[in-house]
Amino acid sequence: MQPAGDVDERFVDRSERLCCFAGEILVRCPRCDGQASIVSDPADKGHRHLWVRRRLVCRRCGRTAAWEAPRIPGSAGRNLPRFSGPRDPYFGLSLWLSIDCRGRVLWAYNAEHLELLESYVSAGLRERGRGARSMSMSMVERLPKWIKDARNRTEVVRAIRRMKTSLS
């Protein structure tokens, strides 16, 4: 691992959206404040939209809860969650991976999301994605300017690495 402040050569945006990192979301358990996970409901196997039903599971205290996307009145459709901000899109719980950085909140859904953020922030050269998926803004294109700013690189990478130490 290189020290904070060193710059990797290149980051190529894979045009992933934030919802691509929602397979498992690490949150603070509402009962014990330990690390809990929000995952697909096992009953949802083969369902077209993996985010229609989710389960909260805390291995520390055993807390579980279920979430199902609310139905749109008068329709067969459902209101799906919005992926943004330092709270999970299902239960509204605080994310396990969040930290104060430069007076703002830096956050990630899980270790994979954190790795992508670290790769992006520490890169000296950042390339946009190519192909049809790059037509709309990817997750890294939507990052706040303060995270993208090279002047903040050392502090943001340091905060990301502090969050990594909290993973169990």
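Summary table
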item	result
Exclusive hit being crowded, with 19+ Cβ neighbours inside 10 Å and among the aliphatic types (A, V, I, L, M), set Leu125, Leu117, Leu80, Leu143	Leu117
Pairs, first touching a residue at least 60 places away in the same chain (Cβ under 8 Å) in the stretch 71-85, second not aliphatic (A, V, I, L, M), C-beta under 6 Å, six or more apart	Phe83/Cys19; Phe83/Pro89
Qualifying residues in the stretch 148-168 (those that are in a loop (DSSP other than H, G, I, E, B) and touching a strand residue (DSSP E or B) at 6+ places or on another chain (Cβ under 9 Å)) - the one nearest to Arg59 (Cα to Cα)	Ser168
Selection from the stretch 3-13 of residues that are modelled with pLDDT of 90 or more and in a loop (DSSP other than H, G, I, E, B)	Asp13
Residue selected from the stretch 131-147 under the condition of a type outside the set (Val, Ile, Thr), at pLDDT 95 or above and assigned to a helix (DSSP H, G or I), by the criterion nearest to Asp13 (Cα to Cα)	Lys145
Single match in Leu106, Leu167 (criterion: aliphatic (A, V, I, L, M), surrounded by 16 or more Cβ atoms within 10 Å (Cβ to Cβ) and within 25 Å of Cys29 (Cα to Cα))	Leu106
Evaluation of Tyr90 against (1) within 30 Å of Glu9 (Cα to Cα); (2) over 12 Å from the mean Cα position of the chain (by Cα); (3) surrounded by 14 or more Cβ atoms within 10 Å (Cβ to Cβ) (one fails), failing number	(1)
Residue within the stretch 120-137 that is without any contact (Cβ under 8 Å) to a residue 40 or more places away in the chain and in contact with a helix residue (DSSP H, G or I) (Cβ under 9 Å, 6 or more places away or on another chain) present	yes
Extreme residue, farthest from Ser119 (Cα to Cα), among residues of the stretch 149-165 that are without any contact (Cβ under 8 Å) to a residue 24 or more places away in the chain and not hydroxyl-bearing (Ser, Thr, Tyr)	Arg151
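The rows are residues; the columns are (1) assigned to a helix (DSSP H, G or I); (2) modelled with pLDDT under 95.
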residue: Ala65; (1), (2): no, no
residue: Ser98; (1), (2): no, no
residue: Glu112; (1), (2): yes, no
residue: Leu116; (1), (2): yes, no
residue: Arg126; (1), (2): no, yes
residue: Gly129; (1), (2): no, yes
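The values are calculated or read from the model by the stated rules, or taken from the named source; none is laboratory data. Computed from a predicted model, the values in this text were never measured in an experiment. Glycine also receives a Cβ, built like all others from the backbone with ideal geometry; neighbour counts cover every protein chain displayed.
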